[in-house]
């Protein structure tokens, strides 16, 4: 009798374990990992100064997105999504409109020697009512080693098997401990850089093998 009881309990435990394993496998199968398509993305940073506007660009947007299979397929419209999305941009890849000299000033103020990348991690995506593919993204932006919460509107559209993410946001340098450049000429700061910069990006991704 005891042997029969133990056998039944063991069988139940085995069935439960199998069910949990199967459920985990299904959930894992429902997540798709996307990575950047080479030479298809761009980020542009626009700023101002007392003498002229300036910009810096990079074609390098690294990172990944892990999303459910149904995401952006038009079949589901969740009230909010908490995906696993991380973005990394090498500071050195940014090339400015002012050439190498301005690149050096920009890298110095962004503390490049200590912090090699700009990083963004999405915490939540909230769909905009009546606007397919448009979301309010809440995330953390790390610039020059300082992390701040950031909100920005983004659009995510599917093109064949790719997902294209576009968005814009405004950032203040001083919020991240960056002093806006103001080069001295003969001891006088004739050029002053505006504190706020506008970031605009297009990130093209495709499914990647796990």
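The values are calculated or read from the model by the stated rules, or taken from the named source; none is laboratory data. Treat the numbers as computed from the prediction; the structure is a model and nothing was measured. Note that each Cβ is placed from the backbone with ideal geometry, even for glycine, and that neighbours are counted across all protein chains shown.
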*Is there a residue in the range 126-143 that is in contact with a strand residue (DSSP E or B) (Cβ under 7 Å, 6 or more places away or on another chain), surrounded by 15 or more Cβ atoms within 10 Å (Cβ to Cβ) and not in a strand (DSSP E or B)?*
yes
*State whether the residues of the range 190-206 include one that is more than 26 Å from residue 33 (Cβ to Cβ), exposed (fewer than 13 other Cβ atoms within 10 Å of the Cβ), in contact (Cβ under 8 Å) with a residue 40 or more places away in the chain and in contact with a helix residue (DSSP H, G or I) (Cβ under 7 Å, 6 or more places away or on another chain).*
no
_Condition broken by residue 149, with the remaining ones in (1) loosely packed, with under 14 Cβ neighbours inside 10 Å; (2) under 21 Å from residue 47 (Cβ atoms); (3) modelled with pLDDT of 95 or more satisfied_ = (2)
*Which members of the range 152-167 meet the condition of being exposed (fewer than 14 other Cβ atoms within 10 Å of the Cβ) and in a strand (DSSP E or B)?*
157, 158, 159
*Kindly indicate whether any position in the range 71-82 is modelled with pLDDT of 90 or more, surrounded by 16 or more Cβ atoms within 10 Å (Cβ to Cβ) and either assigned to a strand (DSSP E or B) or under 12 Å from the mean Cα position of the chain (by Cα) (or both).*
no
*asked:* Report every pair of residues separated by at least 6 positions or lying on different chains whose Cβ atoms are under 9 Å apart, first residue within the range 130-145 and touching a residue at least 60 places away in the same chain (Cβ under 8 Å), second part of a strand (DSSP E or B).
replied: 133/127; 133/155; 133/156; 133/157; 133/158
